[in-house]
1. Would you call A:Leu457 within 21 Å of A:Thr304 (Cα to Cα), touching a helix residue (DSSP H, G or I) at 6+ places or on another chain (Cβ under 7 Å) and assigned to a strand (DSSP E or B)?
2. Give me the residue from the range B:84-112 that is more than 7 Å from chain A (Cβ to nearest Cβ) and under 18 Å from A:Phe225 (Cβ atoms) and, out of that set, surrounded by the most Cβ atoms within 10 Å (Cβ to Cβ).
3. Residues in the range A:132-142: is at least one at positive phi and either in a loop (DSSP other than H, G, I, E, B) or touching a Phe, Trp or Tyr at 6+ places or on another chain (Cβ under 7 Å) (or both)?
4. Is at least one residue of the range B:56-69 within 8 Å of chain A (Cβ to nearest Cβ), touching a strand residue (DSSP E or B) at 6+ places or on another chain (Cβ under 8 Å) and either surrounded by fewer than 19 Cβ atoms within 10 Å (Cβ to Cβ) or modelled with pLDDT under 95 (or both)?
5. Does B:Ile81 fit the bill of being hydrophobic (A, V, I, L, M, F, W, C), away from chain A (no Cβ under 12 Å) and touching a Leu at 6+ places or on another chain (Cβ under 6 Å)?
6. Tell me, please, whether a residue that is more than 9 Å from chain A (Cβ to nearest Cβ) and of a type outside the set (Val, Ile, Thr) can be found in the range B:135-148.
7. Which of (1) within 23 Å of A:Asn178 (Cβ to Cβ); (2) at pLDDT 90 or above; (3) facing another protein chain (nearest Cβ under 9 Å) is the odd one out, the single condition B:Asp29 does not satisfy?
Amino acid sequence: MKIFLLILILFFNSILLSQQISYSLSNNLRAGTGKENFGEAGFLGSTNKKYFDYYTDLKLFYNDFSAGIRYEYVNPPEYSLIKNKISRKFIEYNNYGFKARIGNSFKLFERGLSLNLFENRSLGFDTNLEGLNIDYNSQTIKWNLIWGTIDFVEPTTIFTDNPRIENYLLKGTRIEINIRKNFSLSGGLLFSQNKFPQLNENIFLESKTYLPEVSLKYKSTSFDFLFNIVNKINKENESNSYGSGIYSYISFIEENFGLTLEFKDYRFDIADPFKELNQFRSTRMLPFQNPPTVHKEHTFTLLTRYPHIVNFNDETGFQLDIFYSPNERTNYNFNFSTASRHFSFLLDKTNFRFVKNQNRFSFFPSLSNEFNPFFEIYFEGEYLLEKSESLIKAAVNYRSDIYYDVVSETNKVQPLKQFTIPIYLQYLFNEKFSLKVSNESQWILKYPKREYFFNNLISLQTVFNSNLTIGGRLEFTTNNDEPNGDKFWLVSEIGYRLNTNHIFSISYGSERGGQICSNGLCRQVLPFNGLRFSLISNI
Amino acid sequence: MYRLFLLIILLSTEIFAQNSLIKNLSAEDIDGNLVNISSLNDKGLYINFWALWCLPCRSELKILQELFNEYNPKGIGFVGINIDSPKSLSKVKSFISTQKISFPILLDPNSQILNSLNGQNIPYSLLINQNGEIIKIRTGYNAGDEKYIRKDLDDLLLNSK
């Protein structure tokens, strides 16, 4: 670390002398103070919550070289470990298609079946790679090489006394060749040496994972196609385990019409309910893999609250998405997605073991309850009013997600059903004043409840001179089991943008919280009552 | 001690620093062609980062199409860089086609370009002059911003040779 910084300093110094350096600087500060509520009816609690989360990214550019560092100060954290350190650093050479970086970086191989590294701060998820990252890109060949380590902090253990940190040494390469006009073929191999901490801090379970990958791609103006398959071979002691993943899509595009059909078949670690209880098992899909979820990514708040959580170890499904614009002012979007497990399990009570039962057409999702079926239908219409920045948008969504509890005697089928109607209006009165209003109404049936309850969210934002935003969010529910027994939440917000590149915002009030998810990763955000502040700037 | 030394160096860097430069950045467009971003720059270039899940981004795209029609003949290039991750990436082309966006759209599914330009939130836009220097950074988009973007583009044209 110290040697690396010394080299970095010398590098900057030598360049500074010539004064030909350019730079880019960004700051991100978030802070809050208030109370957080936890628990459910009968087991309620409240705790003081304060957080201070700051980081700054500095990047320097000199001819074909660039270098960067990130300094982070997080104490107390909102959802991460305490930090006061330089958490990122790199030096990069980039010249007409060839790029080599030493230090921290992220990487994506094709659609992420074998490798998709990213950071999501709100989830406490970070798979940045420290090591070597090389790319070569031309019109006919794309080549990637990575070699480095990931120290992955398991997000669900962040606030425990002993956060779980898994260590991966990754070595991987991938090549993509344009074999004919519009056609390309690619192949890659990722190898990982894994160290998983055990209950005793000094003992690690070691394993090796091989992820060979092949894909075939066709792209033209009106038709796209991709088929991507990866195998997973896991070696632990003397035993091997195997898994696989397939992702494919076709897309037809016309002038006013676009249709995309996606398919997934993820079998990275088929496990019975007993084995599944160990969510950190070494054979699972590993955190550096993040394939497409193949269901709709929503923009409305209530639709993001209880999402389908993809079981990457055992799930098949597809998604149909259509955009249609009959005229310049009207846009429609239709989306249908469905998924299920490949296998169901029956409990053999005599021998106390699980018997595996395969879905008859295992490539396609089943709607039988034993296979944890999921489906969602979404339809959205948007109409642009006369002024081009004014619009009205309305949608309707129905989602059904069944969890089948094979062990339960009386309640095997545990549903989560949601029906949601969001409406959004944006109106530009004149150049100095605009308004954004949205209303989201939602009816939910969530096990163990037997009846639907109702959620409603109203949001109002007034914008002055396109720089000052004043608004608020009001939410209420008929659910009797909210933490702290609350049924009503109100937050007021003020935001100001200074010089187009500094955004300051402050909010005060109570927030309902809920589940937030990204790419199949989720965490529960607890209800919060208090003050939040943020400042984002780019120089 | 070495941290203090580093801090001093960084502070001095700011003093000496000039405008940021865009160089050697390239990405695939929605048809799979590799595009060097600086090749789109004539008298200036407006770079806009967006994603399908971002409502303000979608509003800004419509405005940018109008500005593209007006300013591209005068020599200013426009490029949209989509940062949708693999979960929504396959729908981008379909969306772009129905919205009749005619300026180039590049794909940055791992946010590598966004990160290299220090973007944190989207929409995030950069205005580049003909020397490749960043002369304006815009974070976020509100209805009414069109007037300010237009003014920035007019200023850029006035100052270009």
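1. yes
2. The extreme case among them is B:Leu89.
3. Here is the first cut: in the range A:132-142, the residues at positive phi are none.
The answer is no; no qualifying residue exists.
4. Among the residues of the range B:56-69, at least one is within 8 Å of chain A (Cβ to nearest Cβ), touching a strand residue (DSSP E or B) at 6+ places or on another chain (Cβ under 8 Å) and either surrounded by fewer than 19 Cβ atoms within 10 Å (Cβ to Cβ) or modelled with pLDDT under 95 (or both), which makes the answer yes.
5. Working: hydrophobic (A, V, I, L, M, F, W, C): yes; away from chain A (no Cβ under 12 Å): yes; touching a Leu at 6+ places or on another chain (Cβ under 6 Å): yes.
Considered against the rule, which asks whether it is hydrophobic (A, V, I, L, M, F, W, C), away from chain A (no Cβ under 12 Å) and touching a Leu at 6+ places or on another chain (Cβ under 6 Å), B:Ile81 comes out as yes.
6. Checked the range B:135-148: no residue is more than 9 Å from chain A (Cβ to nearest Cβ) and of a type outside the set (Val, Ile, Thr).
7. With (1) within 23 Å of A:Asn178 (Cβ to Cβ); (2) at pLDDT 90 or above; (3) facing another protein chain (nearest Cβ under 9 Å) applied to B:Asp29, the lone miss is (3).
Yes/no per residue for (1) within 28 Å of A:Phe336 (Cα to Cα); (2) part of a loop (DSSP other than H, G, I, E, B); (3) not polar (S, T, N, Q):
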{"residue": "A:Ala394", "(1), (2), (3)": "yes, no, yes"}
{"residue": "A:Asn397", "(1), (2), (3)": "yes, no, no"}
{"residue": "A:Gln418", "(1), (2), (3)": "yes, no, no"}
{"residue": "A:Gln426", "(1), (2), (3)": "yes, no, no"}
{"residue": "A:Glu440", "(1), (2), (3)": "yes, no, yes"}
{"residue": "A:Ile444", "(1), (2), (3)": "yes, no, yes"}
{"residue": "A:Val463", "(1), (2), (3)": "no, no, yes"}
{"residue": "A:Thr469", "(1), (2), (3)": "no, no, no"}
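The values are calculated or read from the model by the stated rules, or taken from the named source; none is laboratory data. Given the structure is predicted, the values throughout are model-derived calculations rather than measurements. Cβ: placed from backbone, ideal geometry, glycine included. Neighbour counts: every protein chain shown.
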